[in-house]
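K.L.:
Dumping the structure here so I can ask a few things about it.
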Amino acid sequence: MTDLNRATLLDQLLYYVTNELEIGALAEKITTDSPVLEWGVLDSVRTARLLAHIGSEDGLRVPSRDMTDEHFRTVGTITDLVLSLRTQTAAAPLENR
């Protein structure tokens, strides 16, 4: 994955979090490194919406083993998770997709 593709995905996810998850005035403060879990941006409903977005946009399902605070700490860590899942999916044998 090139830096340009990472930057594009990072921008897309940041836009989704700040504009689609209905987080009010907090949206103006969110950056790619903001602690979205700590700030309460990602609660169970918003996380479910984000996962649905990732599924519809990228065709990815986030396995339960990856549903960790580490992966959902910031928009940047979420981006890295999506990129990792893309790589895993591309490398998987066709019968496992």
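The values are calculated or read from the model by the stated rules, or taken from the named source; none is laboratory data. Predicted model, so just to flag it, every value in this text is computed and none were measured. In this analysis, Cβ positions are derived from the backbone assuming ideal geometry, glycine residues included, and neighbour counts consider all displayed protein chains. Side chains are part of the model used for accessible areas, which takes the heavy atoms of the whole protein and leaves out ligands, DNA and RNA. Shrake-Rupley method; radii C 1.70, N 1.55, O 1.52, S 1.80 Å.
K.L.:
State in Å² the accessible area per residue of the chain; use a 1.4 Å probe, count heavy atoms of protein chains only, and round to the nearest integer.
P.N.:
I get 62 Å² per residue for this part.
K.L.:
A follow-up question, please. In Å and from the alpha-carbon atoms only, list the Rg and Dmax of the range 27-69.
P.N.:
Cα radius of gyration and Dmax of the range 27-69 are 11.4, 31 Å respectively.
K.L.:
Could you state the principal axis extents of the C-alpha atoms in the range 1-57, from the largest down, to the nearest angstrom?
P.N.:
31, 24, 17
K.L.:
I need the GluC sites (Glu not before Pro) found in the range 5-97, filtered to DSSP loop residues with at most 16 other beta carbons within 10 Å of theirs.
P.N.:
Qualifying residues, ordered by number: Glu22, Glu38, Glu70.
K.L.:
Report, in deg cm²/dmol and to the nearest 500, the calculated mean residue ellipticity at 222 nm for the chain, where each DSSP H run with n ≥ 4 adds -39500 (n - 2.57) and the sum is divided by the residue count.
P.N.:
Computed mean residue ellipticity for the chain: -17000 deg cm²/dmol.
K.L.:
If you don't mind, another one. With +1 on each Lys and Arg Cβ and -1 on each Asp and Glu Cβ, and nothing else charged, work out how big the dipole of the chain is about its Cα centre, in Debye to the nearest 20.
P.N.:
240 debye
K.L.:
Computing the accessible area with a 1.4 Å probe over protein heavy atoms, can you report the carbon and sulfur percentage for the chain?
P.N.:
50 percent
K.L.:
Around Glu20, with a cut-off of 14 angstrom between Cβ atoms, what is the net charge of the other residues, counting Lys and Arg +1 and Asp and Glu -1?
P.N.:
Summing Lys/Arg as +1 and Asp/Glu as -1 gives -1.
K.L.:
A follow-up question, please. Which entry in [x] 15, 52, 27, 6, 1; [y] 15, 48, 30, 7; [z] 17, 56, 26, 2 matches P(r) over Cα pairs in 10 Å bins from 0, in percent derived from the coordinates of this structure?
P.N.:
Identified label for the calculated read-out: [x].
K.L.:
Given a cut-off of under 8 Å on Cα pairs at least six residues apart, what relative contact order in percent is computed for the chain?
P.N.:
The value is 32 percent.
K.L.:
Of the peptides 42-50, 60-68, how do they stack up when ordered by the mean number of other Cβ atoms within 10 Å, highest first?
P.N.:
Ranking the peptides 42-50, 60-68 by packing returns 42-50, 60-68.
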